[in-house]
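Written below as structure tokens is the structure these notes are about.
The values are calculated or read from the model by the stated rules, or taken from the named source; none is laboratory data. Because the structure is predicted, anything quoted here is derived from the model rather than measured. Counting neighbours? That spans all protein chains shown, and the Cβs are built from the backbone with ideal geometry, glycine included.
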Amino acid sequence: MQIAIPIYDGFTALDAVGPYDVLQQMPGSEVVFCAPEPRIYRTESGSLGIAADAAFDDLRTPEIVVVPGGLGNRRWLERPNAYTDWLVAVHEATRYTTSVCTGSLLLAAAGLLDGVDATTHWAVRDALAELGANPVAERVVERGKVITAAGVSSGIDMALRLVELLLGETAAQAVQLAIEYDPDPPHDTGSLEKAPDQLVGLVRRTMEAQDAQVAARLGIG
């Protein structure tokens, strides 16, 4: 089973690596990091690089696609471009086309979420709506073969759900135990709906400052 994770300069590490660590444990799975051309692509901070071992032209029929988020995808939201064109082409034959965090913006830009319920990071729900999707405040949203996950850490939840859909509940439970995924956060402020307004404001300002630094480094206007 071929699982394609398209990456780009400025992607979010856990968006890609979280699902990778879950999905690569399925027997017979082949998880491939891909991009328009094989090379090292660096995360938003620039401190971590992951190799795309395959070009899009080499992956025409993946069974699963997992699109990670990251500020770097903002340069790929206007069609036509290599990312949206590839997503449109492979989506026809996928078993599941999925995204994590702001990866849903790329799915929407490709026209795959038009009028479809989808989730994303809480800070970009309006942007997702502008691209034609119907944002909902849920951690994982399934609509047919399209599955979207909310911010960063929810990609692990989504990947475990994929294992369940593909191999059954016992397999998903086994993977969850293998990675000891048993969240018990010290604070109950992990979603927009749970966090106090003052904290939301602080996080928005911090993210805006960080995004400005990343955009400047990546040359995103």
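Checked against the criterion of being in contact with a Gly (Cβ under 9 Å, 6 or more places away or on another chain) and either under 29 Å from Thr189 (Cα atoms) or among the hydroxyl-bearing types (Ser, Thr, Tyr) (or both), the candidates Gly151, Gly115 yield just one match: Gly151. Of all residues being β-branched (Val, Ile, Thr) and out of contact with any helix residue (DSSP H, G or I) (no Cβ under 6 Å at 6 or more places or on another chain) in the stretch 99-134, which is farthest from Gly18 (Cα to Cα)? Just the residue, please. Only one residue fits best here, namely Val116. Just one residue in the set Ala82, Ala54, Ala13 is under 13 Å from the mean Cα position of the chain (by Cα), surrounded by fewer than 20 Cβ atoms within 10 Å (Cβ to Cβ) and of a type outside the set (S, T, N, Q); that residue is Ala13.
Among the residues of the stretch 108-137, those identified as under 17 Å from Pro68 (Cα atoms), in a helix (DSSP H, G or I) and of a type in the set (A, V, I, L, M) are Ala108, Ala109, Ala123, Val124, Ala127, Leu128. Restricted to the stretch 88-101, and to residues there that are touching a residue at least 40 places away in the same chain (Cβ under 8 Å) and part of a loop (DSSP other than H, G, I, E, B), the residue that is nearest to the chain's Cα centre (by Cα) is Cys101.
Could you look through the stretch 1-19, keep only residues that are out of contact with any Pro (no Cβ under 7 Å at 6 or more places or on another chain) and either without any contact (Cβ under 8 Å) to a residue 60 or more places away in the chain or part of a strand (DSSP E or B) (or both), and pick out the one that is nearest to Trp76 (Cα to Cα)? Going through the qualifying residues, I end up with Pro6.
Yes/no per residue for (1) part of a strand (DSSP E or B); (2) under 20 Å from Ser154 (Cα atoms); (3) modelled with pLDDT under 95; (4) among the hydroxyl-bearing types (Ser, Thr, Tyr):
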| residue | (1), (2), (3), (4) |
| --- | --- |
| Cys34 | yes, no, no, no |
| Glu37 | no, no, no, no |
| Arg42 | yes, no, no, no |
| Asp57 | no, no, no, no |
| Val65 | yes, yes, no, no |
| Gly72 | no, yes, no, no |
| Arg79 | no, no, yes, no |
| Tyr83 | no, no, no, yes |
| Leu106 | no, yes, no, no |
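Quick check on the stretch 57-78. Is at least one of its residues without any contact (Cβ under 8 Å) to a residue 60 or more places away in the chain, under 22 Å from Arg143 (Cα atoms) and in contact with a Leu (Cβ under 9 Å, 6 or more places away or on another chain)? Quick ask: steps written out before the conclusion?
Taking the stretch 57-78 as the starting set, the residues that turn out to be without any contact (Cβ under 8 Å) to a residue 60 or more places away in the chain are 57-61, 77-78.
Within this subset, residues satisfying the condition of being under 22 Å from Arg143 (Cα atoms) are 61, 77.
Among the residues that remain, those that are also in contact with a Leu (Cβ under 9 Å, 6 or more places away or on another chain) are: 77.
Yes: one or more hits.
Cβ-Cβ contacts under 6 Å between residues 6 or more apart (or on different chains), taken from a first residue in the stretch 21-37 that is under 15 Å from Val65 (Cβ atoms) to a second residue that is assigned to a loop (DSSP other than H, G, I, E, B) and of a type in the set (Gly, Ala, Ser), are listed as Leu23/Ser29.
Sort out which residues of the stretch 119-134 are crowded, with 23+ Cβ neighbours inside 10 Å and over 15 Å from the mean Cα position of the chain (by Cα), and write them in order of number. So that I can check it myself, show each step before the final result.
From the stretch 119-134, those crowded, with 23+ Cβ neighbours inside 10 Å are 119-121, 128, 133; that's our starting set.
Hit for the stretch 119-134 is Ala133, nothing else.
One residue stands out among those in the stretch 160-207 that are part of a helix (DSSP H, G or I) and of a type in the set (Gly, Ala, Ser): the one that is nearest to Val124 (Cα to Cα), which is Gly201. Scanning the stretch 158-169 finds no residues that are modelled with pLDDT of 95 or more and in contact with a Gly (Cβ under 6 Å, 6 or more places away or on another chain).
For the stretch 138-152, indicate whether the set of residues that are under 29 Å from Leu218 (Cα atoms), assigned to a loop (DSSP other than H, G, I, E, B), under 13 Å from the mean Cα position of the chain (by Cα) and among the polar types (S, T, N, Q) is non-empty. There is no residue in the stretch 138-152 that is under 29 Å from Leu218 (Cα atoms), assigned to a loop (DSSP other than H, G, I, E, B), under 13 Å from the mean Cα position of the chain (by Cα) and among the polar types (S, T, N, Q).
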